Amino acid sequence: MIITGKKFSKPELSRVINGDRVLEDAAETEEKFRLDHLLVEQHPEYNRSSLQNFIKSGFVVVDGNVAKKPNEKVAKDAKIELHVPPRAKTLPDIPVIYEDDYVIVLNKPSGLLSMAKGEYCPEPTLEDYGLLVHRLDRDTSGVVILAKDKETQKMLRKQFQDRKTHKTYLAVVDGAPKLPAALIDLPIARNLKRPTTFEVNQNGKPSQTYYQVLESKNGKSLLELKPTTGRTHQLRVHLRYLNAPILGDPVYGDEKSAPRLMLHARDLEITIPSSTGNIRKTFHADAPEEFEDVLRRP
């Protein structure tokens, strides 16, 4: 097919199409790539998500300048440097509740992560002390059990999955539930408007929490909580629904209402292995001093 009778209104574009010259802008575009894509090629030891987080954290320097965005366009021959801070070599001392050849039980402090987020985590986590069996939210303190070998880890995890463990928590809440004691039986689902959070939803997974008010004063209450299911953020979501949010909760309450999330895992009943056979034990960690301090505060 031959097209005739038309002339190009832009001679410069005509010469490009005919192969006489190449536009400088086009050449430059072809030579630039997304920064995170280039990093994936240069650092296959990390996945793309981790590298994107490195960029956002200011760990990547391009031609002497700290990179700003993962989708930043960079020339192929640019000097790209990845400066990942080393992990902390010294681990903080954590109170040991119990230890033998199979398990170690710790009184986890508020602020310690249960597990690393992504491939790189500069701060210590519970995984630095043993094999993870169950998790507590970063800001929740209290009893946590870790395994020392894979077989024990599998045995303990199965008990959590089969609901054969019994857990008791303490929480200081704003106000008080209407009833002094009750079973909260409300399903929980991910909040699609805020995907990192959860909410009571009739289409969610079954979730049950027994609670009892132990003490009330100064417009606050100390509650004993016994969950029979282990949904993410279950206690925090259930109490928020009762209009008695846990104090210091940055997600479901008021972060400034207390110096930390006022939630503590006080007791854990579980079966552990021993040289003479399996034994049932209950591990206990007293409530932190902050709980009484917050209750006393007007």
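Using the Cα coordinates of the chain, the gyration tensor eigenvalues translate into equivalent-ellipsoid semi-axes of 53, 26, 19 Å, sorted from longest to shortest. Over the residues of the chain, the helix contribution to mean residue ellipticity at 222 nm works out to -5500 deg cm²/dmol, using -39500 (n - 2.57) for each DSSP H run of at least 4. Annotation for segment 258-295 versus segment 61-131: alpha-carbon center distance of 26 Å.
How large is the accessible surface per residue of the chain, computed with a 1.4 Å probe and reported in Å² as a whole number?
On the way: 17970 Å² over 298 residues.
Result: 60 Å² per residue.
A 29 angstrom limit on the alpha carbon distance is what I want to check against. Which of Lys117/Lys148; Lys69/Lys150; Lys167/Lys205 exceed it? Intermediate results must be reported in sequence, preceding the final value.
On the way: Lys117/Lys148 22 Å; Lys69/Lys150 40 Å; Lys167/Lys205 19 Å.
Pairs exceeding the cut-off: Lys69/Lys150.
Would you mind giving the average projected area, over all directions, of the Cα convex hull of segment 106-151 in nm² with one decimal? Before the final figure, lay out the partial values.
On the way: hull surface 13.1 nm².
Computing the convex hull of the Cα atoms and averaging its projections yields 3.3 nm².
Stretched out straight at 0.36 nm per residue, the stretch from Lys56 to Gln212 would grow longer than its current Cα-Cα span by 51.7 nm.
Using just the C-alpha positions of segment 204-289 as equal point scatterers, what log10 of I(q)/I(0) does the Debye formula give at each q in 0.15, 0.17, 0.23 1/Å? Ignoring solvent entirely, the Cα scatterers give -0.67, -0.81, -1.27. Taking a sphere under 13 Å around the Cβ of Glu289 and counting the other residues whose Cβ falls inside, with K and R at +1 and D and E at -1, yields a net charge of -1.
From largest to smallest, the equivalent ellipsoid semi-axes obtained for segment 115-239 from the alpha-carbon gyration tensor read 28, 18, 16 Å. If you bin the C-alpha pair distances of segment 198-251 every 5 Å from 0, what whole percents do you get? Per 5 Å bin, starting at zero, the Cα-Cα P(r) for segment 198-251 comes out as 4, 17, 30, 25, 15, 6, 2, 0 percent. Stretching Asn71 away from Thr196 to a fully extended chain increases their span by 42.7 nm, per 0.36 nm per residue minus the current alpha-carbon distance.
On the protein heavy atoms, probe 1.4 angstrom, tell me the percent of accessible surface of the chain carried by carbon and sulfur.
Details: 8880 of 17970 Å².
Answer for the chain: carbon and sulfur cover 49 percent of the accessible area.
Site pair Lys164 and Val40 shows an inter-label distance of 4.3 nm when each label is modelled 7 Å from Cα along Cα→Cβ. Spin-label pair Glu255-Asp286: with each label point 7 Å from Cα along the Cα-Cβ axis, the two points sit 3.1 nm from one another. In this simple spin-label model, placing a label point 7 Å from the Cα along the Cα-to-Cβ direction at both Glu269 and Glu127 gives a separation of 3.2 nm.
The values are calculated or read from the model by the stated rules, or taken from the named source; none is laboratory data. Being a predicted model, the structure only gives us computed values, none of them experimental. Methodologically, a virtual Cβ is constructed for each residue, glycine included, from the backbone with ideal geometry; neighbour enumeration extends over all protein chains shown. Just the protein is used for accessible areas: all its heavy atoms, side chains included, with ligands, DNA and RNA removed. Shrake-Rupley method; radii C 1.70, N 1.55, O 1.52, S 1.80 Å.
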